[in-house]
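A.B. asks: Here it is, the structure in full.
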Amino acid sequence: RRNPSRARIAFQLDVQEHLSRAGMPAPAIIATRDRRRITPGEPPCVAFEYIDGAHYAFTSLAQLKAAARTLAHLHHTLDTLRIDDVPTAMNPRVERWWQLPEQEMEALSATVAPDDLALLRQTIAQLDLGACTGLPAGFIHGDFHGRNLIFSHDEVSAVLDFDVVHRTVRAVDVARSVLAFARPKRGSLHIRTGFAATFLAE
């Protein structure tokens, strides 16, 4: 529904199959009767194997560690992916925050309280945004969080949702994941420092 382009869907399936071949836990793609990965006609659809298990439990350090190891393995495996990116308008454009920070903050001014915006400006001013351009880059998952993983016995049994895989600095995935796994519950913006440190160490 979010990615109606057949070229983009094929790219996502190529990514998923590449990860599976390298031993990453990703659901198998179920082909049509005539061996197509994507159904003919509109809208294009794909079927995947069902993976039983549970989503991330925010109290589980074991699951947090497994998620961190999985992200590292995913980045390592994506380094061997030899296909061109197929961009989509859905992809996050995090680079804008170090390329055009004033423009991004201006866009937020309509929805963010003035005190919060002032704190954000102060924080941005303390950062060396130029250093971001030199960070290691490659394909990233782009939406690595507890509901895009399936856990079984505190190990990751599936990585899901390759809708926004794209090329950017790898720190984007790491930062997004620290928030996702170190917060105490879904929707929270608080980061438990011990959980964050454990995630980064793993």
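A.B. asks: For Thr123, are the conditions met, namely being under 21 Å from Ser188 (Cα atoms) and open to solvent by 70 Å² or more (accessible area, probe 1.4 Å)?
C.D. replies: Working: under 21 Å from Ser188 (Cα atoms): yes; open to solvent by 70 Å² or more (accessible area, probe 1.4 Å): no.
Here the answer is no, as Thr123 does not meet what is asked.
A.B. asks: Ok, one more. Any residue at all in the stretch 55-73 that is open to solvent by 40 Å² or more (accessible area, probe 1.4 Å) and closer than 14 Å to Leu160 by Cβ?
C.D. replies: yes
Table: residues versus (1) of a type in the set (S, T, N, Q); (2) surrounded by fewer than 17 Cβ atoms within 10 Å (Cβ to Cβ); (3) not in a helix (DSSP H, G or I).
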{"residue": "Thr133", "(1), (2), (3)": "yes, yes, no"}
{"residue": "Asp143", "(1), (2), (3)": "no, no, yes"}
{"residue": "Phe151", "(1), (2), (3)": "no, no, yes"}
{"residue": "Val156", "(1), (2), (3)": "no, no, yes"}
{"residue": "Arg167", "(1), (2), (3)": "no, yes, yes"}
{"residue": "Ser177", "(1), (2), (3)": "yes, no, no"}
{"residue": "Phe181", "(1), (2), (3)": "no, no, no"}
{"residue": "Arg186", "(1), (2), (3)": "no, yes, yes"}
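A.B. asks: Let me ask another. Being among the basic types (Lys, Arg) and open to solvent by 50 Å² or more (accessible area, probe 1.4 Å) is the filter here, so list the residues in the stretch 7-40 that pass it. Walk me through how you get there before you give the answer.
C.D. replies: Step one: list which residues in the stretch 7-40 are among the basic types (Lys, Arg), which gives 8, 21, 33, 35-37.
Once the filter is applied, which keeps residues that are among the basic types (Lys, Arg) and open to solvent by 50 Å² or more (accessible area, probe 1.4 Å), the stretch 7-40 yields Arg21, Arg33, Arg35, Arg36, Arg37.
A.B. asks: While we're on this one: Select from the stretch 188-202 the residues that are assigned to a helix (DSSP H, G or I) and open to solvent by 40 Å² or more (accessible area, probe 1.4 Å) and list them in ascending order.
C.D. replies: Kept after step one, since they are assigned to a helix (DSSP H, G or I), are these residues of the stretch 188-202: 193-201.
Thr193, Gly194, Ala197, Leu200, Ala201 - these are the residues of the stretch 188-202 that are assigned to a helix (DSSP H, G or I) and open to solvent by 40 Å² or more (accessible area, probe 1.4 Å).
A.B. asks: Condition first: open to solvent by 100 Å² or more (accessible area, probe 1.4 Å) and either of a type in the set (A, V, I, L, M, F, W, C) or closer than 17 Å to Leu189 by Cβ (or both). Now tell me which residues in the stretch 104-118 satisfy that.
C.D. replies: Going through the stretch 104-118, the residues open to solvent by 100 Å² or more (accessible area, probe 1.4 Å) turn out to be 106, 111, 114-115.
Matches in the stretch 104-118: Thr111, Asp115.
A.B. asks: Let me ask something else about it. Of the residues in the stretch 3-23, how many are farther than 16 Å from Ala47 by Cβ and not in a loop (DSSP other than H, G, I, E, B)? Give the derivation first.
C.D. replies: To start, the set of residues in the stretch 3-23 that are farther than 16 Å from Ala47 by Cβ comprises 4-5, 7-8, 11, 14-15, 18-19, 21-23.
If we keep only those that are not in a loop (DSSP other than H, G, I, E, B) too, we end up with 7-8, 11, 14-15, 18-19, 21.
Adding up the residues that qualify gives 8.
A.B. asks: Now a separate question. So which of Ala110, Ala118, Ala89 is of a type outside the set (Lys, Arg) and in a helix (DSSP H, G or I)?
C.D. replies: Ala118
The values are calculated or read from the model by the stated rules, or taken from the named source; none is laboratory data. Bear in mind the structure is a predicted one, so any value in this text is a computation, not a measurement. Glycine also receives a Cβ, built like all others from the backbone with ideal geometry; neighbour counts cover every protein chain displayed. Ligands, DNA and RNA are excluded from the accessible area calculation, which covers all protein heavy atoms including side chains. Shrake-Rupley method; radii C 1.70, N 1.55, O 1.52, S 1.80 Å.
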